[in-house]
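Here's the structure, in structure tokens; my notes come after.
Bear in mind that the values in this text are calculations on the coordinates, not laboratory data. Quick caveat, the model's predicted, so the values are computed rather than measured.
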């Protein structure tokens, strides 16, 4: 196999990194979407990327909880 099993510490560190990355992209896309909306009075592609990313995140979290 190409991948080995992660230790508990590696899982915890990966989870923290994913959480921080998710928060960064949500904040960055939110700020850019708000700026573009105020400047052009229309939604930009970053808004649609933000919304679709949030939908994918919450739907996948919901599906994983049901399994």
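With equal scatterers on the alpha carbons only and no solvent term, can you work out the Debye log10 of I(q)/I(0) for the chain at 0.24, 0.28 1/Å?
Once normalised to I(0) and log-transformed, intensities are -1.03, -1.12.
I'd like the distance separating the alpha-carbon centroids of region 34-67 and region 1-33, in whole Å.
17 Å
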